[in-house]
Structure formats: structure tokens, C-alpha cells
Amino acid sequence: MSAAPTTTPPPTAPAGTNEPAGPVSSAGPARPTPAARLRKAAVYALLSLGLLLMVAPFLWMGLSAFKTDRELNASPPVWIPTEWTTEHFGELLDKLDVPLYFLNSLTVAVLVTLCNLVFCSMLGYALAKLRFGGKNKIFALVLAALMVPGNLMLLPLFVLMSKLQLIDSYAGLVLPFAAQAFGVFLMRQFMQSIPDELLEAARIDGAREWYIFWRIAMPLVKPALATLSILIFLGSWNNFVWPLIATNDPGKYTLPVALATFATDPNQSDGSNGMLMVGSLLIILPVLLVFMVLQRHFTQGLATTGLK
Amino acid sequence: MSTTTEPAAHAAPVKTGPGAPPPPGGAGRRGLRPVAVQHRAGWLFSTPFLVLFAVFMALPIVATLVMSFTDFGLRNVTDPFSAEFIGFENYTKLMDDEKFLTSLFNTAYFVVVGVPLTVGVGLFVAVLLNNGIDRARTFFRVGFYAPVVTSIVAIAVVWRFVLDPSDGLIAGLASEVGLTSPDFLGSEALAMPSLIVMAVWRNLGTVMVLFIAGLQAIPPDIREAARLDGASTWQEFRRITVPLLRPTMLYTTVITTIGYLNVFEEPFVMTQGGPSNSTLTVSLSMYREGFNFFHMGYASAMAYVLFVVIMAITVLQLRLLKDNTK
């Protein structure tokens with residue numbers, strides 16, 4: 001996707017750019033006119049303003065976590081703290097067992113991710129590379145599953161989990177998300193790019209399908225596996241509604257559920273914005289870091305599931 | 001795991017003799033192994049997904065439908081089969097339930113205003129990012145996408161602060177210039193628009209990324225040709241970009257509509273449906289009836305009404321938007 005500019009033959013500016021800025025190309029104007037420059041400046045200004053609106057809440061959260069109560073409640077608001085303090089971190093850790101909730105979220109997210117990596121890849125491989133009766137029906141099922149709103153399942157799922165005694169358990173949090181249709185869809189798209197000749201060669205050599213899948217196909221779709229991991233991990237980490245329903249014991253809360261419960265309990269949080277800002281920061285920091293490093297995979301995954 | 005590392009050579013000859021005939025229909029290079037092996041492998045590979053799908057998706061979907069015709073309540077959580085069939089009573093009750101009708105209206109409001117805003121702004125940002133600039137593109141993209149990867153709980157904490165009428169960010173900035181901030185979330189007229197703005201902020205990135213992918217799939221030579229023929233930027237956008245972007249537009253509109261018809265998290269964490277039910281959405285109603293009051297049969301009926309509405313609107317959108325391309 002983002003490689004498009006380098007693969008287009010004429011060495012103009014990045015593909016799709018209105019005004020070739022760099023090297024002179026045969027097509028288009030040789031040098032940006034003043035009007036074009038002005039327009040470009042306007043675009044940058046507009047985008048920067050938009051970006052500021054998008055990230056201002058994050059900046060505020062990050063800065064507020066280090067403010068004293070006086071500056072937190074100051075009106076007009078103070079953006080940059082004059083005296084930096086980490087007291088809210090200690091305060092929150094005293095009142096809320098953050099490491100436990102962090103670990104709960106992490107465990108659930110890792111288990112959900114591993115399950116999806118295996119199950120979605122298996123079906124994705126079968127749908128892309130194996131010929132078997134019923135394949136088209138299974139694929140239709142996957143597509144249909146993509147369209148069903150999650151809220152439709154909540155009530156019986158809760159009853160089912162109660163009956164299975166899986167409320168307040170990791171299994172109860174993991175199982176409903178262990179094989180997601182969009183993961184199958186994504187893996188199928190990527191598995192299709194594997195050349196059939198390669199798999200045939202392995203089959204001629206007498207390799208079994210599981211071996212071919214695990215040792216030949218899987219290593220070839222590593223970028224797809226990375227994409228899927230990120231999307232699933234993130235979805236699980238941020239999941240709110242199901243963990244809220246499927247846990248009653250505070251010891252099994254995930255981080256978002258714990259923080260939301262804490263925030264709405266005036267006895268505990270004392271209405272202190274500082275602690276809530278710290279808590280929010282702790283929820284988003286891991287994913288924001290991972291996201292910034294691996295953002296290309298995100299966009300690739302979205303584009304793949306979205307368009308092909 | 002360790003068994004898979006062996007090339008399984010000893011097992012193979014059983015199925016594929018060297019002289020195994022190609023399958024009927026003779027798809028040459030695929031036919032070296034009997035189709036039956038692939039058939040069995042195909043089903044084995046599908047099994048884990050299908051089992052999980054059956055238990056945690058298909059069963060609940062059917063169960064919701066069945067429950068919607070019963071008086072399923074709290075006691076039935078432990079004893080599901082003692083629920084009584086009451087026919088369409090839940091559904092007829094819904095049609096007279098003023099709260100439910102309000103929630104339908106509110107959901108429609110959210111969709112009708114929210115979807116065009118989200119798709120429109122997302123397209124605008126994508127076009128600017130794709131055509132207007134050549135530097136820091138990744139930087140901008142990451143910034144616009146950041147809210148998508150953020151937990152709703154964290155978003156709620158910050159947005160509550162932004163919108164707080166007494167010591168919030170907007171209130172503070174307003175007082176700087178001598179104005180007083182309205183009580184966004186406490187006002188019946190402003191609560192829903194506030195949630196819509198928040199949702200646009202939160203979902204813009206998804207739409208933007210899809211549009212960028214769509215824009216980059218447009219062959220550059222088409223634009224080049226248009227420009228050589230003297231098309232203005234606006235003409236190029238109207239006559240080339242928009243038509244070629246139709247599939248993406250259709251897709252983003254449909255998924256955003258489905259998402260917004262289901263809207264639950266924003267009102268749940270920000271307003272709990274208030275003030276005076278002005279932000280009560282169908283999903284939130286369903287959640288409350290189901291998990292706060294344990295009127296699960298009734299809540300199931302709500303879920304199915306919403307599901308049918310979503311299906312109908314999706315089909316309608318696919319029809320309308322597809323026809324337009326011709």
C-alpha cells in the first residue's frame with residue numbers, strides 16, 4: 001500500500017501527488033507555481049489543525065497525570081504542569097490493584113490472540129488452498145458471521161457461561177473470541193498469495209497437509225500473522241462490554257472494567273481526576289506504543305479485510 | 001508438535017501411489033494426491049472454528065430468537081428451560097414502549113447525523129493526506145488513527161473532562177474569552193450531538209485508512225492523463241477519484257452504519273442514556289433490560305428488532321449505492 005509510490009515506473013513525486021515537488025518529470029509542471037505552494041501550505045495547516053484536535057485529548061491525559069491537584073482543577077486550564085509530580089501514580093496503585101488488572105487483561109489478550117492465530121490460519125488455509133466439499137458453504141458462513149452484531153449474542157452467551165460456570169474465569173473471557181470471522185477472512189486473503197506450485201511440490205514429496213500448513217504456509221504468511229496478532233490483541237485489550245458482563249469478582253476484572261468501576265465509585269476515586277488520568281494512561285500506553293511501532297501492519301490489515 | 005517435524009514420509013505412500021490417477025475433471029497439477037485427502041484435511045482444518053462458531057455464535061443467535069418469544073427472567077439464568085412461551089407478546093409490548101421508541105429515534109439520530117459526518121470527514125482527511133502532502137504522511141496518519149486503538153474507558157475519562165461545564169477544557173477556554181460553556185452532557189439538546197462528535201473523533205481513523213487504501217489503488221496514470229487534458233483538481237476529484245472510490249465509499253458507509261446502529265459504548269460510559277433518555281440507544285436499552293432488570297426475554301426481542309433493522313438498512317444501502325455506480 002504505502003509502497004505504491006516506489007513501484008510506479010515514472011520517477012515523479014509520490015504517486016497521486018498533485019504537484020510533483022521533487023525531481024522534474026516529463027508530465028506536469030516543472031516547478032510548483034506560487035498558487036500551488038500556497039495551496040500546499042493551506043493543506044498542511046488544515047491537517048495540522050485536525051491533528052491537533054485529534055491528539056489534544058491524549059496530550060492532556062499525558063500531561064495531567066503529572067499535575068498537582070491544584071493545577072488539575074485550575075480554571076482556565078493549565079496545559080503544562082509547572083511542578084511535575086508522580087503522586088497520582090502512587091495514589092492509584094494504593095487504591096487499585098493495577099498490576100493484577102493489567103495481568104488479567106494481558107492474559108486474556110494473549111490467549112485470545114494465540115487461539116485466533118491457530119484457528120483462523122487453519123481455516124484460512126483450508127479455504128484458500130484446499131479443495132473440499134462444503135468449502136463454499138463454510139466461506140459463506142464466515143461472511144455472514146462478519147455481519148452479525150455482537151450485541152445480539154450477549155444475553156444467551158451470559159446464560160451459557162453461567163451454566164458452564166465460566167463467569168469470572170479466563171475461559172469465559174477468552175472462548176467467545178477465540179475464533180473470529182474477520183481473522184479467517186484476513187488469513188484467507190493472505191494464504192491465497194502462496195503459490196500453488198510450492199504446496200504441490202511438498203505434496204509430491206509426500207508431506208501431509210498439516211506439515212505443509214505448519215511448516216510451509218505459516219512461515220510464508222508471517223506478515224499476515226503479525227497483522228492479525230496486532231488487531232486481535234488490541235481488540236481484546238480494549239474490549240469492554242463482554243468483560244463487564246462476564247466478571248462479577250473484582251479479582252477477575254480486566255483493566256478497562258476495573259478503571260470504569262473505579263471511576264464511577266465516588267467513595268473510592270474521591271472524584272480525583274489525577275488518578276483517573278493515570279489509570280487511562282496505563283490502559284492506552286502499551287497499545288499506543290505497539291501501534292506506533294507497528295502501524296503499517298494495522299493499516300495493511302484493515303485495508304485487506306476491508307477491500308479485497 | 002514434534003510429530004509434525006517429521007516429513008511424514010512413511011504415511012504418505014498409503015494414499016498416493018506413484019501411479020495414482022489424476023482426479024476426474026483433471027485439474028492437472030492439483031491432482032497428484034487423491035482429492036479425498038484434501039477433502040478430509042479441509043474439514044479437519046475447519047473443525048476448531050466451526051465448533052467455536054457453533055457454540056458461541058450460532059447457538060446464541062438462535063437462543064436469542066427463542067428467548068424473545070418467552071418470559072425469560074432472572075430465575076431462568078439457572079434454569080433456562082422453565083421459561084414460558086408467550087408468543088409475540090414481547091414484540092407487541094415493544095411497539096407501545098415509549099422508552100423503546102425513544103431509543104429507536106435516538107439511534108436513528110445518531111446514525112443519520114453521525115455516518116455522513118464520519119465518512120465525509122474521513123474521506124476529506126484521506127484525500128488531503130494522499131494528494132496534498134508529501135512529507136510526514138505517516139506522522140499524520142498515526143495521529144488521526146490513534147483514537148481508534150484507544151480504550152473507550154480512557155476516552156471517556158478525558159472527554160468527560162473536556163466537556164465538563166465547571167472545570168472542563170472547553171469551559172476553561174470559553175471563560176478565557178468571557179463566555180460560559182453549556183453543560184454539554186447535561187443538556188437534552190446537546191448530549192447527543194456531543195456523543196456524535198466524540199464518535200466521529202473516535203472512528204475517523206478507520207474510515208480514513210480504508211479511503212487511503214482505496215485512493216492508492218487508483219492507477220496514477222489515470223490522474224496523469226486527466227491532468228494532461230487540463231482537468232482541475234476539483235474536476236479530477238469529481239470525475240475520477242469519486243467514481244473510482246465508489247466501492248470503498250459503499251463499504252465504509254455500510255460498516256459505519258452497522259457500527260452506529262449498534263452504538264452502545266459512548267452513551268454507556270458518558271451519559272448512561274440521560275439526561276431524560278435523550279441518549280438512550282437501542283443497544284443500551286437492551287443492555288439495561290437484560291442485565292440490570294433481567295427482563296431477558298424482552299431484551300432479546302429488542303435485540304432482534306435491532307438486528308432486523310440493521311439487515312434491512314444494510315441491504316437497502318447496498319442496493320441504492322450500487323445502482324448509483326451505473
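Using the Karplus relation 6.51 cos²θ - 1.76 cosθ + 1.60 with θ = phi - 60°, the per-residue 3J(HN,Hα) values for the range A:209-216 come to 4, 5, 4, 4, 4, 6, 9, 10 Hz, with x marking Gly and Pro.
Give me the accessible area buried between chains B and A, both sides summed, with a 1.4 Å probe, in Å² rounded to the nearest 100.
Roughly 10200 Å².
Note on the protein assembly as shown: with neighbouring protein chains present and a 1.4 Å probe, carbon and sulfur make up 67 percent of its accessible heavy-atom surface. Hey, for a label at B:LEU320 modelled as a point 7 Å past Cα toward Cβ, could you say which residues of the range B:116-130 have their backbone N under 14 Å away? So the set is B:116-117. For A:LEU114 and A:LEU294, FRET efficiency with R0 = 30 Å and r from the beta-carbon atoms, rounded to 0.05? Result of the calculation: an efficiency of 0.95. Between B:PHE139 and B:PHE88, the distance separating the two model label sites (each 7 Å from Cα on the Cα→Cβ line) works out to 6.2 nm.
Out of the trypsin sites (Lys or Arg not before Pro) in the range B:128-214, which ones are loop residues according to DSSP with at most 13 other C-beta atoms within 10 Å? Please report the intermediate quantities before stating the final value.
On the way: sites: B:ARG135, B:ARG137, B:ARG141, B:ARG160, B:ARG202; in loops: B:ARG135.
Taking the range B:128-214 and a limit of 13 other Cβ atoms within 10 Å, the loop trypsin sites (Lys or Arg not before Pro) found are B:ARG135.
Would you work out if the range A:120-268 is rounded, prolate or oblate? Take a ≥ b ≥ c from the square roots of the eigenvalues of the alpha-carbon gyration tensor; rounded if a/c is under 1.5, else prolate when a/b is larger than b/c, oblate otherwise. In terms of gyration-tensor shape, prolate. If you find the alpha carbon centre of the range A:51-118 and of the range B:78-134, how far apart are they in angstrom? What the calculation gives is 30 Å, centre to centre.
Between B:VAL51 and B:ARG238, the contour length at 0.36 nm per residue exceeds the alpha carbon distance by 62.5 nm. Simple spin-label estimate for B:LEU65 and A:ALA42 gives 5.5 nm between the two label positions (7 Å along the Cα-to-Cβ direction from each Cα). Here the spin labels are modelled as points 7 Å beyond Cα on the Cα-Cβ line, and at A:TRP84 and A:ASN136 they lie 6.4 nm apart. Dimensions of chain B from C-alpha coordinates, computed as largest minus smallest value along each principal axis and given longest first, are 89, 74, 46 Å. When the pairs A:LYS137/A:LYS222; A:LYS163/B:LYS93; A:LYS135/A:LYS222; A:LYS67/B:LYS99 are compared against a 31 Å limit on Cα-Cα distance, A:LYS67/B:LYS99 fall above it. Counting partner chain Cβ atoms within 10 Å of every residue's Cβ in B:214-224, what's the average? Rounded to a whole number, the mean comes out at 5. Amide H contacts of B:THR70 (H built 1.01 Å from N, in plane; Pro and chain starts excluded): B:ILE86 sit under 5 Å, all sequence-distant by 5 or more or on other chains.
The calculated 222 nm mean residue ellipticity attributable to helices in chain B amounts to -20000 deg cm²/dmol, summing -39500 (n - 2.57) over DSSP H runs of n ≥ 4 and dividing by all residues.
The loop-placed GluC sites (Glu not before Pro) in the range A:43-100, going by DSSP, that have at most 10 neighbouring Cβ atoms within 10 Å of their Cβ come out as A:GLU83.
Fraction of C-alpha pairs exceeding 18 angstrom in the range A:49-168: 76 percent, rounded to a whole number.
Per-residue 3J(HN,Hα) values for the range B:285-299, derived from phi via the Karplus relation 6.51 cos²θ - 1.76 cosθ + 1.60 with θ = phi - 60°, read 4, 4, 4, 5, 4, x, 9, 9, 9, 6, 8, 6, x, 4, 5 Hz in sequence order (x marks Gly and Pro).
Using θ = phi - 60° in the Karplus curve 6.51 cos²θ - 1.76 cosθ + 1.60, the 3J(HN,Hα) couplings for the range B:244-250 round to 6, 8, 3, x, 5, 5, 4 Hz; x is entered for Gly and Pro. Solvent-free Debye calculation, one equal scatterer per alpha-carbon of the range B:58-150: log10 I(q)/I(0) at 0.19 Å⁻¹ equals -0.97. State whether the protein assembly as shown is rounded, prolate or oblate according to the following rule on the C-alpha gyration tensor (a ≥ b ≥ c being the square roots of its eigenvalues): a/c under 1.5 gives rounded; otherwise a/b larger than b/c gives prolate, and the remaining case gives oblate. The shape class here is oblate.
Per residue, the range B:34-116 exposes 53 Å² of accessible surface when a 1.4 Å probe is rolled over the protein heavy atoms with every protein chain present.
What does the C-alpha gyration tensor say about the overall shape of the range B:258-326? Classify as rounded when a/c is under 1.5, otherwise prolate if a/b is larger than b/c, or oblate. Oblate is the answer for the range B:258-326, as a/c is 1.5 or above yet b/c matches or exceeds a/b.
For chymotrypsin sites (Phe, Trp or Tyr not before Pro), no site in the range A:38-68 is both called loop by DSSP and has at most 12 other Cβ atoms within 10 Å.
The values are calculated or read from the model by the stated rules, or taken from the named source; none is laboratory data. Values in this document were obtained by computation on a predicted structure and should not be read as measured data. Methodologically, a virtual Cβ is constructed for each residue, glycine included, from the backbone with ideal geometry; neighbour enumeration extends over all protein chains shown. Only protein heavy atoms, including side chains, enter the accessible area calculation; ligands, DNA and RNA are left aside. Shrake-Rupley method; radii C 1.70, N 1.55, O 1.52, S 1.80 Å.
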